[in-house]
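Input: a single structure, listed below in structure tokens.
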Amino acid sequence: MEQSRKKFLKNFFIGAVSVPVLIEACKKDVESNSGSTGSGNTGSGGSGSGSCAVAPTETEGPYPTHSPSSYVRSDIRDDRTGIAMTMNITVKNTNNNCSALAGAIVDVWHCDKDGNYSEYGTGYTNLHFLRGRQTTDANGLVNFTTIFPGWYNGRATHIHVHIFNAAGNSLKITQISFPEGSGSAVVAVNSTAGQAYGYTKGMSGYTYATSDNIFSDDTALVEQASVVGSLSGGYVLTHTINVAA
């Protein structure tokens, strides 16, 4: 019953989305979860390998990259300032015993420290920050240099990912969540100390993953990455996404 209610609410809100407006991003970045079994991340936020199952599917949301093939790059910061973050994403193939998937195309995009997305909304349509594409190496790995994402009302801190095979056929659209407990990077970035880096919202009004429209049913923390580091030294996000290639 609860799962049916969540599915209804997601479909209802998705249907209500029309013209993206950055001020209303919190209401418009609503996406449906297919309820697929995840890739077995650990409860501590690490990308585990205890399960060889396809990662959960999410819709692209209202802010996918218009021309992702134009942004083949590993440094996706452009003019955005904030706390440095490196993203290490590994793609594995469930149809080959979850071995590394080389040659997969990985698109990523996320909001800036203030919760804004490039390419959408007044003042941002001609900007392309925090969007990029890379191809996995022999270890199924891609790396991106970026900044720690901010947050906006209604959503937990997150990153969007779209994975294609070498021929350009879609394999998986999903999202990555962040650990949020005491001592986590999310709490540190949004603390008083984080204000020195431009993160001024704090945690008041923050939507935790357990209440997030996308992540609330991710009780196994399958979509949660491992995030380590510090404000001054930057953070490293590590995550594994399993796809059926």
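Laboratory data are not the source of any read-out in this text; all were calculated from the coordinates shown. Keep in mind it's a predicted model, so treat the numbers as computed, not measured. Here the Cβ is made from the backbone with ideal geometry for all residues, glycine too, and neighbour counts use every protein chain on show.
Summary of values
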item	result
Amide H partners (placed H, <5 Å) of ALA104, local residues excluded	THR136
Ratio Rg/Rh [Cα only; Rh per Kirkwood] for the range 46-160	0.98
Neighbour-count order for GLU58, GLU223, fewest beta carbons within 10 angstrom listed first	GLU58, GLU223
Under-5 Å amide H pairs with LYS172, H placed in peptide plane, nonlocal only	ILE163
Sequence-distant residues sharing a close amide H with LYS113 (under 5 Å, placed H)	GLY150
Sorted by Cβ neighbour density within 10 Å, fewest at the top, the residues MET87, MET203	MET203, MET87
Whole-number percent relative contact order across the range 79-217, with pairs defined as alpha carbons under 8 Å at least 6 apart	25 percent
